[in-house]
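These notes concern the structure reproduced below.
Coordinate-derived values only; no laboratory data. Not measured: the values here are computed from a predicted model. Here the Cβ is made from the backbone with ideal geometry for all residues, glycine too, and neighbour counts use every protein chain on show.
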Amino acid sequence: MLDQGGQRMPTRNTVLTSRAMRIGSAQRFRGRFSLPGDKSISHRLALFGALAEGATQIENFSAGADCASTLSCLRALGVAVQHEGTSVRIHGRGFSGLHAAPGPLDAGNSGSTLRMLAGVLAGRPFESVLTGDASLRQRPVERVAAPLRAMGATAIPTDGRPPLTIRGGTLRSIAWDLPVPSAQVKTAVLLAGLQATGTTTVNEPALSRDHTERLLPAFGVPVQRNGLAVCVTGPARLTPTTMTVPGDASSAAFLVVAALILPDSEVRIDGVLLNPTRTAFLDVLRRMNATIETGITASAPEPVGWIVARSSQLAGIEVPADLVPALIDEVPALAVAAACARGRTSFSGAAELRVKESDRISALAEGLGRMGVALEERPDGLAIDGGRPMRGASLNAHDDHRIAMALSVAALRAQSETQIAGAECASISFPQFYEYLQLATR
Ligand code: S3P
């Protein structure tokens with residue numbers, strides 16, 4: 001139902017005009033959904049498929065604009081990609097099948113595309129310039145450039161940010177200690193490591209999402225994990241595979257929270273990713289007294305299953321800082337749950353949120369604050385005193401898909417209409433989000 005042309009599309013709860021999405025309060029949130037493919041997994045399958053020798057077939061590929069950016073960068077590097085609906089076929093020709101792009105590689109809004117591709121290009125004997133939209137050009141890339149330089153590539157950011165120029169070449173294996181948990185940087189170093197001779201090790205300060213470790217073996221590449229250390233040995237060759245992407249766990253978080261905070265609500269999500277490095281948000285919600293059930297239907301290479309969430313009287317908690325790396329993308333949804341929970345919920349150890357698609361700490365403080373939520377913005381998190389009525393307000397998505405979706409879910413609980421400028425950016429990860437919202441609140 002997203003109407004990019006600016007026409008009004010009246011529905012019960014959501015109306016998008018050219019200026020803002022208008023969202024009214026909802027009586028309930030009910031439905032059974034399957035979600036578009038997980039964004040993190042879709043990016044990786046596309047990249048690994050491009051590096052494999054032969055055709056990789058991917059089903060339920062993410063419908064979001066971010067993963068389309070990965071495909072368009074791969075095409076610019078000479079990879080043949082067929083994309084029809086949610087099926088993607090990638091005709092990989094190995095690492096040496098990549099060729100210099102005719103111009104800068106545009107990763108759009110996608111930090112994952114830019115950072116993970118940097119690791120691939122570090123071993124390629126040509127110059128590449130990786131760039132993106134205004135938001136991505138504000139985000140840190142020195143964290144990925146530094147290890148790639150240590151491996152022997154030339155990697156030059158612009159004031160620590162994109163555009164990032166890479167001149168790849170012969171790489172040496174390294175052991176690299178990540179200063180902050182980042183699955184994107186971990187993946188970049190491992191992808192460079194596959195092109196070096198010897199064993200490359202990445203030591204993480206805390207476990208970040210482990211899709212690269214789970215998926216590379218499906219492409220015939222062994223990965224060793226020892227505590228927080230991950231190792232690959234190069235030079236490696238990838239063999240093609242066929243895979244269906246589980247539903248996006250981070251998208252699920254918004255539907256789960258909507259069902260928890262509205263009366264008379266129940267949502268069931270089938271075929272969703274239940275990888276423990278992505279489901280800490282469910283653990284936190286359960287600790288907040290949420291009624292959530294899950295079941296696993298498949299376990300390899302990624303755990304997949306179902307989630308059922310029902311209306312709950314939530315209670316505030318202190319979210320343990322050591323859980324934050326496994327729920328970093330879900331803090332916006334959790335902040336909305338916190339706004340509706342009795343008592344105080346605090347998030348700490350989440351300073352990374354300030355360098356995501358927007359400064360998510362300040363965007364949440366601004367948006368929820370305008371809705372009348374009592375909160376305190378902190379350098380590394382938020383304290384939210386929840387449980388008071390929320391009012392509709394005029395809000396801004398700050399060009400950040402997860403802020404748009406979090407504020408939209410909050411709007412369902414507000415006493416009057418909310419307007420969210422720039423809400424269409426939800427399509428970065430979840431183009432059907434407003435359609436699902438409309439279906440569930442009928
Ligand atoms: C991602 C890793 C996380 C996450 C991002 C996706 C990935 O970023 O926030 O949405 O797919 O590896 P960092 O690696 O910067 O923490």
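Rounded to the nearest angstrom and ordered from largest down, what semi-axes does the equivalent ellipsoid of the range 345-398 get from its C-alpha gyration tensor (root of 5λ)? It would help to have the intermediate numbers written out before the result.
Numbers: eigenvalues 73, 43, 7 Å².
For the range 345-398, the semi-axes come out at 19, 15, 6 Å.
Under the √(5λ) rule applied to the eigenvalues of the Cα gyration tensor, what semi-axes describe the equivalent ellipsoid of the range 39-244? Give them in Å, descending. Numbers along the way, then the final one.
On the way: eigenvalues 96, 80, 54 Å².
Calculated on Cα positions only, the semi-axes equal 22, 20, 16 Å.
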*Order of 266, 293, 302 under a 10 Å beta carbon neighbour criterion, fewest first*: 293, 266, 302
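Starting from the Cα-Cα distance between residue 158 and residue 348, subtract it from 0.36 nm times their residue separation and give me the gain in nm to one decimal. Don't jump to the answer; show the numbers that get you there.
Details: separation 190, 0.36 × 190 = 68.40 nm, distance 3.01 nm.
Result for the pair: 65.4 nm of gain on full extension.
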*Inter-label distance for residue 206 and residue 289, nm, one decimal - labels placed 7 Å from Cα along Cα-to-Cβ*: 2.6
*Taking the Cα centre of the range 39-244 as origin, sum charge times position over the Cβ atoms of Lys and Arg (+1) and Asp and Glu (-1), and report the length of that vector in debye to the nearest 20.*
220
*asked:* Name the residue from 40, 119, 215 whose Cα lies farthest towards the positive end of the charge dipole of the range 39-244, charges +1 on Cβ of Lys and Arg and -1 on Cβ of Asp and Glu.
replied: 119
_Inter-label distance for residue 270 and residue 142, nm, one decimal - labels placed 7 Å from Cα along Cα-to-Cβ_ = 5.0
*Theoretical gain in end-to-end length, residue 150 to residue 224 [0.36 nm per residue, Cα-Cα removed]*: 24.5 nm
*Binned Cα-Cα distances of the range 323-363, short to long, each 10 Å bin given as a whole percent*: 28, 58, 14
_Just want the answer: with Cβ charges of +1 for Lys and Arg and -1 for Asp and Glu, which residue in 92, 240, 176 is farthest toward the dipole's positive end in the range 39-244?_
176
_Kirkwood hydrodynamic radius of the chain, from inverse mean 1/r over distinct Cα pairs, in Å_ = 21.9
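Please label the shape of the range 296-442 as rounded, prolate or oblate, based on the square roots a ≥ b ≥ c of the eigenvalues of the alpha-carbon gyration tensor (a/c under 1.5 means rounded; beyond that, a/b larger than b/c means prolate, else oblate). Write out the running numbers ahead of the final one.
Values: a/c = 1.29, a/b = 1.09, b/c = 1.18.
Since a/c stays below 1.5, the shape of the range 296-442 is classed as rounded.
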